[in-house]
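Below is one structure, written out as structure tokens; the observations come after it.
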Amino acid sequence: MKYYFLITGILCLLYYLVLVWHSRKLRSTFAVFWLFAGGAHLIIGCAPLPAYMYTFLSAVCGTGWICLLLVEIMIFSAMFSGKERIVDCIIVLGAQVKGKKITDSLKRRLDRAALYLKKYPGTRVIVSGGQGPGEEISEADAMAAYLIRSGIDRERIIREDKSTSTIENLRYSRKYTDPEREDIGIVTNGFHMYRALMIAGQEGYRNAYKIPASSNPVFQINYLMREFFAVVHVWLKMMKK
């Protein structure tokens, strides 16, 4: 069991270094998780713990891996688009904007949305996202400007610029559409799609369909791990209601 913790700890730290090298940041999105996880595993692997403690930790780790696997299977099930269909409206969920600059994850969502809108000119689009820390304009404004530069008619674009979370994205976008009758396409990165559709169902979207975008392959494991905790959090909130 010592070797498990040592090897896992080293792999976590190596992945953290890859994320730092790729992003040129010590604290990019959720990356610090791998630093702390790696450090904790190495400490446990090097500590002179009694045999019964390793037996207990083996059970905890085994349970954790099973839970992780089950949740990730559900996340993966929503990552890939099925048969494409024409919808009345698509909602592009917001993501961080740096100043006025579109970040990679958001660019991928917008590129996917632009491709869909050019294919189906009768579909309108809601860009959803407010203004957060480090953002000079709202995410909705940045998204709308990007779509216009991509050749989408500004008359087709509706801006929802108050939301600060996925729940608010979908809740505040309701007033611009009829979620109980219209077919609505949800545009977000694949790793985020399962949670987005789950929340859409909670918010009364009766005919929500996935339009998944790609994500940075280097950060994919990082995103999937972060999404595991986010999905569990949503489940726990649902259980409390």
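Worth a mention:
- Dipole moment magnitude, nearest 20 debye, the stretch 45-125 about Cα centre, only Lys, Arg, Asp, Glu C-beta charged: 680 debye
- Considering only beta bridges that DSSP places wholly inside the chain, some 10 percent are antiparallel.
- Cα convex hull of the chain, projected area averaged across orientations, nm²: 14.6 nm²
- Packing, as the average of other Cβ atoms within 10 Å across residues, places the peptides 34-40, 135-141 in the order 135-141, 34-40, highest first.
- Around residue 189: net Lys/Arg minus Asp/Glu count, Cβ-Cβ under 14 Å: +4
- Percent accessible area from carbon and sulfur atoms, the chain, protein chains only, probe 1.4 Å: 64 percent
- Burial order of peptide ranges 96-108, 169-181 (average beta-carbon count within 10 Å, highest first): 169-181, 96-108
- When each of 25/98; 83/210; 98/118 is checked by Cα-Cα distance, pairs over 18 Å: 98/118
- Positive contributions from Lys and Arg (+1) and negative ones from Asp and Glu (-1), summed over other residues with Cβ under 11 Å from the Cβ of residue 157, come out at 0.
- Size check on the stretch 26-157: the Cα extents along the three principal axes, sorted descending, read 68, 37, 17 Å.
- Environment charge at residue 129 (Cβ cut-off 12 Å; Lys +1, Arg +1, Asp -1, Glu -1): -3
- Charges were assigned to the Cβ only: +1 to each Lys and Arg, -1 to each Asp and Glu. The resulting dipole of the chain about its Cα centre is roughly 160 debye.
- Residue ranges 112-123, 218-229, 46-57 sort as 218-229, 112-123, 46-57 when ordered by packing (mean number of other C-beta atoms within 10 Å per residue, highest first).
- Under 15 Å from residue 100, Cα to Cα: aspartates and glutamates that are on another chain or at least 8 residues apart: 135, 136, 139, 141, 161
- Rolling a 1.4 Å probe across the protein heavy atoms gives the chain an accessible surface of 54 Å² per residue.
- Among 122, 231, 218 - extreme Cα towards positive end, dipole of the chain, charges at beta-carbon: 218
The values are calculated or read from the model by the stated rules, or taken from the named source; none is laboratory data. Keep in mind that what you see is a predicted model, and the values were worked out from it rather than measured. Glycine gets a Cβ as well: all are built from the backbone with ideal geometry, and neighbour counts include every protein chain shown. Side chains included, ligands, DNA and RNA excluded: accessible areas come from the protein's heavy atoms. Shrake-Rupley method; radii C 1.70, N 1.55, O 1.52, S 1.80 Å.
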